[in-house]
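Structure first, commentary second.
The values are calculated or read from the model by the stated rules, or taken from the named source; none is laboratory data. Everything numeric here is computed off the predicted structure, so don't read it as measured data. As a convention, Cβ positions derive from the backbone with ideal geometry for all residues, glycine included, and neighbour counts pool all protein chains shown. For accessibility, only protein heavy atoms count, side chains too; no ligands or nucleic acids. Shrake-Rupley method; radii C 1.70, N 1.55, O 1.52, S 1.80 Å.
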Amino acid sequence: MAKLQGIIIVVLAIISATVSLGGKPVGALVRHVVGGDRGWDPASDIASWSSGKTFRVGDEIWFTYSVAQGLVAELQSKEEYESCIFTNPIKMYTDGLHTIPLEKEGIKYFASTDVENCKNGLKLHVDVLPTATENSTTTITTAAPKKGVADAPSSPSGSAHYGTSSILMLIVLMLYVTMGVAY
């Protein structure tokens, strides 16, 4: 019976850990705030910011910008990207804050719709690589932009996050005590 109790406790601990992590593997998501602290801004050096960064399927890129300085366009080709042509964009981002999931491998092109800003380097190409292997490590990058825009929460509520974990741990404890008293 003691062996069964041990197995039950291990299974419940695994379930508790999975729920408290939101059901997602740790390290599976990197959130790239485009431009770092400055965000998507004409004063940002987007090329330097993106050099050396690895973008993978499952990651997200976050654009924070002032609509007054132009919108963000997702472009279809390298030619449109290099020449700052916006006649046939894949999508226009217009609200000043966007999270874009990187859902498949390939190159994605983004540019400021303000032609002058675009030509001065306010554009980004992202080469999305396959999902990281289990042996690789990733970090979550969530540098807050300095334009009065706060980071989005990583979970809906901190109290709900800990509440679920605490409830499950209480259930595990109650089962352990109940099974110990019963046997």
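Look at Glu103 and say whether it is open to solvent by 70 Å² or more (accessible area, probe 1.4 Å) and at pLDDT 95 or above. Taking the combined requirement at face value, the residue does not satisfy it.
Among the residues making up segment 35-66, those that are open to solvent by 20 Å² or more (accessible area, probe 1.4 Å) and under 20 Å from Pro130 (Cα atoms) are Ser50, Ser51, Gly52, Lys53, Thr54, Arg56, Val57, Gly58, Glu60.
Can you name the residue in segment 66-94 that is aromatic (Phe, Trp, Tyr) and without any contact (Cβ under 8 Å) to a residue 40 or more places away in the chain and, of all such residues, is farthest from Trp40 (Cα to Cα)?
So the residue we want is Phe86.
Every test in (1) touching a residue at least 60 places away in the same chain (Cβ under 8 Å); (2) more than 14 Å from the chain's Cα centre (by Cα); (3) surrounded by 17 or more Cβ atoms within 10 Å (Cβ to Cβ) is passed by Gly121 save one, and that test is (3).
For segment 67-91, enumerate the residues that are small (Gly, Ala, Ser) and open to solvent by 40 Å² or more (accessible area, probe 1.4 Å). If the condition is that a residue be small (Gly, Ala, Ser) and open to solvent by 40 Å² or more (accessible area, probe 1.4 Å), then Ala68, Ser83 are the ones that fit.
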